[in-house]
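The values are calculated or read from the model by the stated rules, or taken from the named source; none is laboratory data. All of these numbers come straight from a predicted model, not from anything done at the bench. FYI the Cβ positions are ideal-geometry reconstructions off the backbone, even for glycines, and counts take in every protein chain you see. Accessible surface areas use protein heavy atoms only, side chains included; no ligands, DNA or RNA. Shrake-Rupley method; radii C 1.70, N 1.55, O 1.52, S 1.80 Å.
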Amino acid sequence: MSEAERRARAERLAALRATGADPYPASIGAVMPLAGVRERWDALDAAALEATPERVAVAGRVMAIRSFGKLVFFTLRENGATLQLSFRKPELDPETLATLGLVDVGDFVRSEGVVWRTRTGELTVGATSVRVIAKCLHPLPEKWHGLVDVEARYRQRYLDLLVNEEARRIALVRSRTVTAMRSFLDGRDFLEVETPVLQPLYGGAAARPFTSRFEAYDQTVYLRVSDELYLKRLVIGGLDRVYEIGRDFRNEGVSRKHNPEFTMMECYQAYADYEDMMELVQAMVQHVVAGVMGGTRLVFREQEIEFGGVWPRVSIRDALLEKTGVDVLAAPDFATLRARVLEKGLDPGEAPTWGQLVDQLFSDHVEPTLVQPTFVTNHPVELSPLAKRSTEDPRLVERFELFVAGMELANAFSELNDPADQRARFDEQRLAAAAGDQDAHPLDEEFLLALEHGMPPTGGLGLGIDRLVIVLTDAQHIREVLLFPYMRPEGA
RNA sequence: GGGCGCGUAGCUCAAUUGGCAGAGCAAGGGACUCUUAAUCCCUAGGUUCGGGGUUCGACUCCCCGCGCGCUCACCA
């Protein structure tokens with residue numbers, strides 16, 4: 001039983017203390033990283049190591065103990081690297097021998113010894129000392145199967161990271177993805193900024209917010225659903241190229257590609273339009289894929305995805321015409337479009353307006369088919385209240401979405417900078433809200449005041465980091481790429 | 001929120017129509033100076049998610065609750 005095992009470990013902890021040792025010391029002295037030990041001695045064979053014996057100090061977590069009576073092996077792990085320790089009991093001093101008997105799998109130890117190679121060729125530190133530098137009071141998950149239980153993996157992610165190599169790999173890819181993205185944007189003279197998470201009014205995306213209470217001011221506040229309206233204020237203020245990487249929060253359902261809090265990269269570039277953002281996002285994702293994965297292609301759910309070259313673009317109208325046979329621009333009002341959809345034997349669903357019906361048709365019939373990187377352009381103005389109207393067709397806007405693996409990865413437009421048009425769009429949103437659209441954008445007078453001071457023509461882009469990492473790691477679920485996905489509390 | 005499924009030892013999993021809750025790893029004791037899923041012998045380990053019900057008897061069947069998964073809805 002675990003209680004017995006915990007007690008046994010606690011007793012060994014007490015025994016360690018009884019020897020006068022501190023089982024949780026603050027400082028342990030210099031040690032060489034295990035990867036460094038490997039780097040330095042891996043090329044030498046047993047004879048060469050014996051000819052020039054060198055002492056080294058190492059530290060790490062004990063992942064396995066194999067005892068042969070007078071000879072004991074530890075597998076030590078530190079920062080992703082492993083190294084074997086050996087102890088020849090007859091050669092140890094009494095204190096070291098006593099401490100050795102009090103080490104459990106999971107403990108952190110520090111040892112010193114001479115580097116040698118066993119008969120099986122394993123690089124090993126022949127330890128002559130051992131010191132427990134942090135005690136582990138629980139048994140680790142089983143070494144062969146690892147931790148399988150999904151709930152336990154998320155609730156105790158540290159165990160998942162410890163025993164499941166895949167969890168560690170995803171965490172590394174995610175970190176490197178963000179690093180590569182930063183270096184790309186920094187290289188293009190973008191300035192990294194931070195805007196409020198806690199907002200008196202939310203905006204920038206069609207989404208339901210989380211609400212909270214600011215007690216000191218006795219006011220309702222919202223967790224941001226997007227950074228957009230604040231980043232634009234910075235462009236208005238002359239910070240011509242800005243980006244932010246941060247959490248957005250949307251009070252909506254969860255799915256394998258939706259989590260209530262997720263990480264978004266948004267960037268804005270003055271004197272640019274959506275076509276410039278197309279070039280930017282393509283170069284940025286290619287930079288990330290090359291830097292993190294090496295190369296231009298990867299496999300996602302058994303399909304090869306090629307990130308190299310120039311990505312194709314298709315308008316929403318053309319894509320829908322191809323997949324459904326319906327020309328949405330030739331059906332300019334809701335009733336006509338709905339009739340066409342029914343004629344084709346398709347399900348028009350519950351969509352209440354022309355724009356939302358277009359959106360639904362796209363989600364149902366086009367989105368899942370966009371496996372290779374593809375730009376989809378020219379969205380209905382109704383769905384894009386912050387984007388500049390197309391000069392060719394006032395029903396459409398200068399916007400694109402990037403799809404990969406059937407998922408929207410990025411969204412960009414030529415930003416609407418005409419304050420009169422922006423006010424009109426907010427008014428339309430207000431009507432939509434009155435008609436029951438819970439995701440409509442609220443009117444933001446302060447944002448309009450900023451726009452009235454003049455915003456240069458600007459291209460803006462938002463990219464979902466979690467989704468990009470899903471694609472890069474071939475993850476089955478967005479939770480796999482989040483270190484701590486939301487879990488209901490146990491036994492509530 | 002709806003539907004379907006799952007919850008057994010610290011971990012990974014068994015348990016026949018409803019009939020004595022088991023194994024491996026981990027743990028405790030012992031043997032072993034080259035293992036790396038070490039091996040061999042012995043031992044211990046359970047509120048079968050929680051509560052209620054049916055029954056001579058419930059891990060198993062029924063009801064309620066909790067948690068998790070899949071899926072639909074909502075939603076970028």
Filter the stretch A:123-149 for residues that are surrounded by 14 or more Cβ atoms within 10 Å (Cβ to Cβ) and within 8 Å of RNA strand B (Cβ to nearest atom); the one that is farthest from A:V56 (Cα to Cα) is A:L147
Those residues that are touching a residue at least 12 places away in the same chain (Cβ under 8 Å) and not hydrophobic (A, V, I, L, M, F, W, C), I need them from the stretch A:328-347; list them, please.
A:P332, A:D333, A:R338, A:R340, A:K344, A:D347
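Name the residue that is least open to solvent (accessible area, probe 1.4 Å), counting only residues in the stretch A:292-333 that are closer than 30 Å to A:S183 by Cβ, assigned to a strand (DSSP E or B) and not aliphatic (A, V, I, L, M). Walk me through it before giving the result.
Here is the first cut: in the stretch A:292-333, the ones closer than 30 Å to A:S183 by Cβ are A:292-301, A:303-313.
Among the residues that remain, those that are also assigned to a strand (DSSP E or B) are: A:297-300, A:303-306, A:313.
Now restrict to residues that are not aliphatic (A, V, I, L, M): A:297, A:300, A:303-304, A:306, A:313.
Numbers: A:R297: 132, A:F300: 8, A:Q303: 93, A:E304: 100, A:E306: 55, A:R313: 129 Å².
Ranking the qualifying residues of the stretch A:292-333, first place goes to A:F300.
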Per the filter on the stretch A:76-122, residues touching a strand residue (DSSP E or B) at 6+ places or on another chain (Cβ under 7 Å), of a type in the set (S, T, Y) and within 13 Å of RNA strand B (Cβ to nearest atom) are A:T82, A:S86, A:T118
Log entry, pairs with first residue in the stretch A:104-119 being among the hydrophobic types (A, V, I, L, M, F, W, C) and in a strand (DSSP E or B), second being open to solvent by less than 10 Å² (accessible area, probe 1.4 Å) and within 8 Å of RNA strand B (Cβ to nearest atom), beta carbons closer than 6 Å, six or more apart or on different chains, reads A:W116/A:T124
Residues of the stretch A:1-52 being over 28 Å from A:C136 (Cβ atoms), open to solvent by 60 Å² or more (accessible area, probe 1.4 Å) and away from RNA strand B (no atom under 12 Å from the Cβ), which ones?
A:R40, A:D42, A:A43, A:L44, A:D45, A:A47, A:A51, A:T52
Picking from A:A433, A:A475, A:A440, which residue would you name as being within 30 Å of A:L159 (Cα to Cα) and assigned by TED's automatic domain parsing to the domain that holds A:L409?
A:A475
Return the only residue of A:A152, A:A171 being touching a residue at least 60 places away in the same chain (Cβ under 8 Å), under 30 Å from A:V469 (Cα atoms) and either within 12 Å of RNA strand B (Cβ to nearest atom) or not hydroxyl-bearing (S, T, Y) (or both).
A:A171
When (1) under 17 Å from A:Q356 (Cβ atoms); (2) more than 16 Å from RNA strand B (Cβ to nearest atom) are applied to A:L472, the one that fails is (1)
Strands (runs of 3 or more DSSP E) within the stretch A:191-280 that include 1 or more residues surrounded by 15 or more Cβ atoms within 10 Å (Cβ to Cβ):
A:219-223, A:241-249, A:261-270
Do we have any residue at all in the stretch A:393-404 that's under 26 Å from the mean Cα position of the chain (by Cα) and open to solvent by 10 Å² or more (accessible area, probe 1.4 Å)?
yes
Can you name every one of the helices (runs of 4 or more DSSP H) wholly within the stretch A:421-492 that holds 2 or more residues which are out of contact with any strand residue (DSSP E or B) (no Cβ under 7 Å at 6 or more places or on another chain) and open to solvent by 50 Å² or more (accessible area, probe 1.4 Å)?
A:445-452
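For the stretch A:53-100, please list each of the strands (runs of 3 or more DSSP E) lying entirely inside it that holds at least 3 residues being open to solvent by less than 20 Å² (accessible area, probe 1.4 Å) and closer than 21 Å to A:H138 by Cα. Don't jump to the end; show me each part of the working.
Values: elements: A:55-67, A:71-78, A:81-88.
Result: A:55-67.
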Can you run down the residue pairs with Cβ atoms below 9 Å, 6 or more apart or on separate chains, where the first is in the stretch A:125-142 and modelled with pLDDT of 95 or more and the partner is open to solvent by less than 20 Å² (accessible area, probe 1.4 Å) and among the aromatic types (F, W, Y)?
A:G126/A:F87; A:A127/A:F74; A:A127/A:F87; A:T128/A:F87; A:V130/A:F74; A:V130/A:F87
Farther than 28 Å from A:P348 by Cα, of a type in the set (A, V, I, L, M), surrounded by 22 or more Cβ atoms within 10 Å (Cβ to Cβ) and touching a helix residue (DSSP H, G or I) at 6+ places or on another chain (Cβ under 7 Å), is that true of A:L416?
yes
